[in-house]
């Protein structure tokens with residue numbers, strides 16, 4: 001019997017318990033390996049990793065310390081009596097082994113795995129194993145099964161609405177922040193759009209990162225419903241919504257191991273939309289040789305998969321294939337992307353045209369989900385809403401309701417990358433630009449990133465600035481510069 | 001700038017740093033995800049996971065706390081000034097992605113990955129990703145590359161010896177504790193055998209677990225050399241030897257995720273033997289339908305792989321295929337296996353014959369590594385050493401030199417499993433017996449396990465005891481019993 005103590009450490013999704021090395025109830029000396037244990041005493045036993053403490057101010061020999069995650073899950077008061085047993089490897093791990101051996105998993109296996117993830121029987125290591133094992137191939141049926149398992153049984157309901165829309169992009173194109181503009185236009189039009197956004201997994205900035213430069217994105221379910229009811233739109237980080245908990249745990253591991261397959265991303269996107277009660281979903285599939293989806297064939301395959309899963313789960317899906325051959329807009333990184341978005345919404349002269357046109361096209365497709373809109377009219381309605389300033393007005397209301405963010409600073413460590421010869425920009429490598437931006441610190445510091453002055457097709461003179469890199473932290477700046485020196489991501493052809 | 005503080009927490013292989021939530025040097029509020037950072041200030045930056053603390057008695061807002069692992073790696077005094085940057089995903093992760101996509105990795109890629117593991121740039125999650133990605137298939141060349149990378153550049157040297165022998169089993173057969181008997185016989189014969197043993201990965205008891213019932217197995221390199229010099233043999237847990245560090249980190253993750261492929265196990269075994277300066281190695285490959293290696297074809301493939309890798313790395317390898325159709329001996333679990341071993345060495349009436357015969361066969365093969373021994377004579381020499389008591393004498397010297405372990409208790413929670421009908425034991429399922437033993441707590445409590453009273457071919461009457469299960473912990477006992485009730489692992493045929 002040990003007495004429960006709260007240890008105020010936040011370990012981000014991992015349950016950890018602390019035993020003193022002189023604990024007399026359990027032989028701690030023998031522990032030489034990572035050890036997963038079960039704690040008994042609450043309504044359900046919980047799993048946690050064991051760490052050994054040599055400092056009585058953290059835990060006494062008769063106490064069991066628990067970090068924030070474990071303490072919250074066990075849900076007992078400090079001082080409660082608890083006992084320990086060794087946690088066995090979860091039985092669903094057998095499915096992961098079957099997958100490694102090349103098998104197709106049954107729907108029930110995905111359900112069991114996701115159940116183990118949600119109940120925290122899986123550590124981050126176990127989640128990584130699952131993601132890598134299913135990373136080599138998944139059948140369409142498997143992606144459907146994973147989507148259903150991730151969506152869970154509960155979802156937000158929108159009693160007064162007949163259509164609830166949302167939009168998501170498959171990623172891979174730096175600077176592609178159409179979501180915020182689309183949300184503004186669609187909300188101004190009047191369709192309810194509870195836009196669930198994610199933090200970056202492998203990119204420089206997720207929509208949640210970019211929008212958090214402008215507003216608070218950490219809303220709970222009640223706030224989300226209220227703001228969408230009042231203003232027809234909101235942009236929230238889905239990780240604060242308990243109904244998308246499994247996705248949060250998985251994305252945290254994806255980010256850490258730096259891997260997110262198309263199938264996993266698609267399953268997660270659709271699951272989150274189902275959980276938030278979306279009825280009509282637009283999926284943007286950008287294709288480009290240096291993007292996530294490299295060929296039109298791959299994009300078509302993904303579109304068909306998306307459509308099939310939507311049909312099976314009773315979600316109206318429109319999947320559109322777009323140009324992902326180069327970055328969209330000029331900014332790459334949260335602050336710079338937010339700047340581009342506001343330039344478009346303010347109808348500024350220097351607003352990036354490609355970002356504006358793509359946003360109008362996609363917003364138009366969403367507006368056409370409204371049965372009252374005649375096919376082909378969506379774009380024109382979207383354009384009228386944007387140019388009239390109504391989209392800006394709608395977004396300002398949403399920002400105000402969510403809570404305006406304090407002014408963010410652009411990173412002060414800068415370098416201008418110039419053309420080594422005169423000619424025409426032949427190509428810009430998306431994945432290289434992403435790599436440089438990530439190294440510059442964009443995933444950590446909102447003010448870090450790249451500001452692209454030239455795009456594909458632009459004529460350049462030798463010495464013209466191609467882009468400016470911004471960092472907040474000098475270590476990051478050094479890494480970005482050394483990456484730029486080996487390959488700056490731009491191809492200049494001599495012909496004009 | 002933060003001031004370094006040691007936080008006396010042992011997190012088993014994972015570097016962790018602690019920042020106070022009100023830290024003013026870094027914006028801690030924004031951190032919502034698992035975050036890997038780099039700590040600068042020492043000779044080399046080190047990677048660590050960031051955890052957030054709300055208790056000033058653990059760290060102050062101007063301190064950076066470090067757990068045992070991180071503090072030891074950074075190797076700076078408390079109070080030293082350190083700075084942080086975001087850690088980027090390691091470049092060798094690109095190789096893991098290539099492997100997931102079905103590629104064969106180059107030797108240099110295995111080298112880079114193992115280098116990242118050893119320098120702790122890989123978290124346990126990253127190691128799990130690597131293991132699962134390479135778990136679906138590896139070419140012989142890849143296994144060789146992994147073996148070389150794991151072996152590293154340094155190894156123990158045995159200046160006075162021309163032959164240094166060792167033995168290892170590919171596992172999968174419960175109770176198979178030939179190693180200790182072999183070491184005793186070979187040491188008594190006079191060949192130097194620095195037996196490196198492992199803790200269990202997925203089994204009920206590794207040789208290191210079983211021998212730790214008898215003696216201290218946590219020797220350092222100096223002690224190992226001295227004891228082998230003095231007594232010709234020693235049995236050590238390899239995880240204490242710095243030269244096998246990469247293997248330790250990997251095995252810890254294998255144990256936690258419950259997966260260890262044949263290729264990974266083989267690479268690790270050979271790497272450890274190379275690091276400990278072994279020149280002649282006997283590998284035991286047990287084959288059985290419920291063992292790790294299920295068919296003779298698989299065993300032959302593994303033998304050829306073993307021979308090839310041995311040849312390429314200048315290690316003399318003898319790989320023998322043995323019968324792995326049922327458990328060896330009677331005991332399964334550390335205390336019970338140690339009992340069987342001592343019964344054999346003491347030439348007791350109740351010594352398990354299969355364990356004795358298999359140990360003699362294998363010890364004989366090792367003795368034949370000695371050029372002075374005529375082919376086919378090894379077995380007879382081994383038998384004479386065993387029956388004369390010289391093997392027991394040699395082991396007692398080794399135990400005394402390593403440090404005799406305190407008497408271990410057999411688990412007091414017991415249940416006898418009886419035959420439901422009369423007949424003959426048709427089969428005993430190795431993996432089921434392992435599963436029951438693991439549930440009974442054998443990986444955690446030395447006294448837990450199974451004591452098998454009947455083996456394949458034995459006649460039984462209805463009600464005869466097939467085996468007795470032992471647990472130390474009541475939760476474990478309950479799990480084991482429920483597993484036994486659904487399938488006790490024994491098949492009884494009606495015919496006599």
Label geometry 7 Å along the beta-carbon vector: residue B:300 inter-copy distances in nm: 4.6
Stretch gain in nm, segment residue B:56-residue B:154, where the contour uses 0.36 nm per residue and the Cα spacing is subtracted: 30.9 nm
Degrees between helix A:334-345 axis and first principal axis of chain A (Cα, 0 to 90, nearest 10): 40 degrees
Copy-to-copy label separations for residue A:459, where each label sits 7 Å from Cα toward Cβ, in nm and ascending: 10.3
Computed FRET value (nearest 0.05) for residue B:408 with residue A:412, which takes r as the C-beta separation and R₀ as 60 Å: 0.40
Descending Cα extents along the principal axes, segment B:75-148, whole Å: 49, 23, 17
Stokes-Einstein D for segment A:84-214, Kirkwood Rh over Cα pairs, 25 °C, 0.890 mPa s (µm²/s): 139 µm²/s
Whether segment B:338-496 is rounded, prolate or oblate, judged on the alpha carbon gyration tensor where a/c under 1.5 counts as rounded: oblate
Chain A, helix-only ellipticity at 222 nm - DSSP H runs n ≥ 4, -39,500 (n - 2.57), divided by all residues, nearest 500: -12000 deg cm²/dmol
Cα-based helix-to-principal-axis angle, B:178-189 vs chain B, degrees rounded to 10: 80 degrees
q = 0.13 Å⁻¹: log10 I(q)/I(0) that the Debye formula gives for segment B:326-427, counting C-alpha atoms only: -0.63
Å³ per residue enclosed by the Cα convex hull of the protein assembly as shown: 180 Å³
Equivalent-ellipsoid semi-axes of segment B:24-170, from the Cα gyration tensor, Å, largest first: 36, 22, 13
Rounded tilt (10° steps) of B:124-133 against the dominant C-alpha axis of chain B: 60 degrees
Percent of Cα pairs exceeding the 17 Å cut-off, where the set is segment B:255-368: 63 percent
For segment B:172-241 versus segment B:129-148, the gap between their alpha-carbon centres in whole angstrom: 27 Å
Those residues of segment A:106-145 whose amide nitrogen sits under 19 Å from the label point placed on residue B:137, 7 Å along Cα→Cβ: A:132-139
Stretch gain in nm, segment residue B:323-residue B:230, where the contour uses 0.36 nm per residue and the Cα spacing is subtracted: 30.0 nm
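Compute the FRET efficiency between residue A:80 and residue B:21 as 1/(1 + (r/R0)^6), taking r as their Cβ-Cβ distance and R0 = 22 Å, and round to the nearest 0.05. Each step should come with its number before you reach the end.
On the way: r = 25 Å, r/R0 = 1.15.
In this case the efficiency is close to 0.30.
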Pairwise FRET efficiency - residue A:29 versus residue B:289, Cβ, R0 = 45 Å, nearest 0.05: 0.70
7 Å along Cα→Cβ, label-point gaps from residue B:486 to other copies, nm, shortest first: 5.0
Cα centroid of segment B:421-463 to Cα centroid of segment A:424-472, whole Å: 65 Å
Shape category assigned to segment A:144-198 from the gyration tensor of Cα positions, a/c cut at 1.5: oblate
Projected label distance in nm at residue B:424 and residue B:459, using a 7 Å step from Cα toward the beta-carbon: 1.1 nm
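Figure the gain on full extension for residue A:485 and residue A:118 (residue separation times 0.36 nm, minus the Cα-Cα span) and round it to one decimal in nm.
Difference between extended and current length: 127.7 nm.
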For segment A:413-493: rounded, prolate or oblate by the Cα gyration tensor [a/c cutoff 1.5]: prolate
Value of Rg/Rh across segment B:1-83 [Cα atoms, Kirkwood radius]: 0.91
Convex hull volume per residue for chain B, taking Cα atoms only, in Å³: 169 Å³
Inter-part distance where segment A:1-46 and segment A:60-117 are each reduced to a Cα centre, Å: 13 Å
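Bear in mind these aren't lab numbers, they're just calculated from the coordinates by the rules spelled out. This is a predicted model, so every value here is computed, not measured. Positions of Cβ are backbone-derived with ideal geometry, glycine not excepted, and every protein chain shown enters the neighbour counts.
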